[in-house]
1. Scanning for something under 27 Å from the mean Cα position of the chain (by Cα), farther than 26 Å from Phe66 by Cβ and within 16 Å of the ligand (Cβ to nearest atom), does the range 252-270 turn up at least one residue?
2. How many residues are more than 9 Å from the ligand (Cβ to nearest atom) and assigned to a loop (DSSP other than H, G, I, E, B) if we restrict to the range 36-48?
3. Only residues that are over 17 Å from Leu207 (Cα atoms), assigned to a helix (DSSP H, G or I) and not aromatic (Phe, Trp, Tyr): list them for the range 125-159, please.
4. Could we say that Val366 is outside any loop (DSSP other than H, G, I, E, B) and either aromatic (Phe, Trp, Tyr) or touching a Cys at 6+ places or on another chain (Cβ under 9 Å) (or both) here?
5. Checking Ser92 against (1) within 16 Å of the ligand (Cβ to nearest atom); (2) crowded, with 19+ Cβ neighbours inside 10 Å; (3) among the hydroxyl-bearing types (Ser, Thr, Tyr), which single condition isn't satisfied?
6. Of the numbered conditions (1) closer than 30 Å to Pro171 by Cβ; (2) outside the structural domain of Ala349 (by TED's automatic domain parsing); (3) within 14 Å of the ligand (Cβ to nearest atom), Ala463 fails exactly one; give the number of that condition.
7. From Arg256, Arg242, which residue is assigned by TED's automatic domain parsing to the domain that holds Tyr448, under 30 Å from Leu86 (Cα atoms) and either of a type in the set (D, E, K, R) or at pLDDT below 95 (or both)?
8. Sort through Leu418, Leu396, Leu422 and tell me the only one that's closer than 24 Å to Ala94 by Cα, hydrophobic (A, V, I, L, M, F, W, C), modelled with pLDDT of 95 or more and more than 16 Å from the ligand (Cβ to nearest atom).
Amino acid sequence: MARPSVVVIGGGLSALAAAWELSGGVEGPRENTPSIEIIESAEGLGGAVGTMEFAGRIVDTGADGFLARRPEAVNLITEIGAADQLIPIAHSGAWLFLNGHCVAIPEGTNLGVPTSLASVRGVRELSWRAQWAARRDYYWPRRLTVDTDASIGAIVRAKLGNELTDRVIEPMIGGIQAGRVDDLSASAVFPALFAAARTGGSLMKALAPLPAAVPSSAPLFCTLREGVGSLPTLLATRLLERGVRIRTSTPVTAIRPTPAGSHAYEVDTATTTTPANYVVLATPPQVTGALVAFLGESSDELRRLPSASAAMITLCVPRGSTRLPATGTGVLVPLKTPWRNGDSFLITALTFLDRKWPHLARDEDVLLRVHVGRIDDRRGLEMSDDELVARVREELAVIVGAWPHKGESVVVRWHDALPQYLVGHHDLVERARAASEARGIFLAGKTYDGVGIPASIGSGRRAGREILSRLAD
Ligand SMILES: Cc1cc2nc3c(=O)[nH]c(=O)nc-3n(C[C@H](O)[C@H](O)[C@H](O)COP(=O)(O)OP(=O)(O)OC[C@H]3O[C@@H](n4cnc5c(N)ncnc54)[C@H](O)[C@@H]3O)c2cc1C
């Protein structure tokens, strides 16, 4: 009897993780392992991660690290035999650009939300109103009824006021998916905040970390020696050894339900048709929604889900030509920080790449990355590369005090790459999964279970596990 067939659409980390799970995970293929085909539209695998050569080293084009205290990414890397490639983050702490200078983000914040009065007092640039709002939440918390979901902004504005929200919390949380705290779902993006708000008491106290019985020595973030963007190649090598078929430069054009026969679907590209018993859809939501239009309303919801675009500008300059803060991994710039002529800063964050990742450091130069773009701010994305780099250099000179007009630079643009988890996101995902999984189509990736790399990998493996359990029935 022919082996059942699974087609995995997309070649990002979630798709590759789904194929890893389907091909037997750490234990490897078994007798009943399905035949697996990955179909990716781009020339190479990796989707939102990749690497480039820049300033004599290999640098990530997208994500440069991942949360290592969540298990999914580290486990997968270990399972494929690449644990020796893991590099822990070398610095901690970061800065906020407030009132024209860099101010240390105090210890004791949870994703930007202060958890002690000392952490707010430590930021002298905050007004007495912000200090008072924190005291009020600590001693006399405002009542707030939070039901099934609320925006992060609705919670933190009600509890801690606008200043702490706009100047401290938004730069941190909004930056994660280039969204706005007033739109993002608390339950989907920051579940701890959602749970804290539902206690009805002080947000700050409820978010304070519990004393750890044994302090964790595990690094908070990691990267890979050849960049996070090397993971797709490492994974693909192992998948090919297992007989997984991988096709690139091949957009899937349709998934057609077949009314009868041994396979539920036919997956079309411009030149081929692959029969499939099950399908993993690990594509961006706009593509996913269009490919499963036959699922009705929930496919429309996916197609309409907004996604933010971002640009990352990587720069290298002689070490003596700039004055970075002495410590920390980067600087966050609050939205609407005034620039010139009534305009505001384009930069939302700087990352000191060679300080975060010591293998990138050289005595003679500084490697820095600038982040630009939010869901409602496309100014930087509409500029040419030259205009964008010139503007970013001017802004950097103001943020860190000195930045040369020359030096190596490269702009990488990520269009519609960051799906927005709006209020009610969990329900949307539940509806989409209920409709698709009933028909043997499994949704995976950054749109569903969290935008970060560990969550995307976990999401892909979940899809793989679900299919294996159907096949075992
Ligand atoms: C600028 C940026 C910075 C980030 N920084 C970090 C970070 O520091 N840490 C972190 O943990 N996460 C970060 N992320 C998030 C992380 O990179 C992503 O969540 C993760 O890589 C998503 O993987 P995915 O497989 O879900 O989606 P994707 O990587 O988007 O993969 C989807 C794939 O589907 C393919 N596709 C589209 N249409 C079709 C079609 N018709 N047929 C076949 N294939 C198709 C696409 O080409 C793509 O390869 C960042 C993301 C961005 C955009």
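The values are calculated or read from the model by the stated rules, or taken from the named source; none is laboratory data. Worth saying up front: this structure is predicted, and the values here are computed from it rather than measured. All Cβ positions, even for glycine, are placed from backbone atoms using ideal geometry, and neighbour counts span all protein chains on display.
1. If we filter the range 252-270 for residues that are under 27 Å from the mean Cα position of the chain (by Cα), which is where we start, we get 252-253.
Cutting the leftovers down to farther than 26 Å from Phe66 by Cβ gives us 252-253.
From the residues that got through so far, the ones that are within 16 Å of the ligand (Cβ to nearest atom) too are 252-253.
Looking through the range 252-270, at least one residue is under 27 Å from the mean Cα position of the chain (by Cα), farther than 26 Å from Phe66 by Cβ and within 16 Å of the ligand (Cβ to nearest atom).
2. So the count comes out to 1.
3. Matches in the range 125-159: Arg129, Ala130, Gln131.
4. Numbers: outside any loop (DSSP other than H, G, I, E, B): yes; either aromatic (Phe, Trp, Tyr) or touching a Cys at 6+ places or on another chain (Cβ under 9 Å) (or both): yes.
In short, yes.
5. Only one criterion in (1) within 16 Å of the ligand (Cβ to nearest atom); (2) crowded, with 19+ Cβ neighbours inside 10 Å; (3) among the hydroxyl-bearing types (Ser, Thr, Tyr) is unmet by Ser92, namely (2).
6. Here Ala463 clears every test but (1).
7. Values: Arg256 fails: under 30 Å from Leu86 (Cα atoms).
Result of the check over Arg256, Arg242: Arg242.
8. Values: Leu418 fails: more than 16 Å from the ligand (Cβ to nearest atom); Leu422 fails: closer than 24 Å to Ala94 by Cα.
Residue meeting the stated conditions: Leu396.
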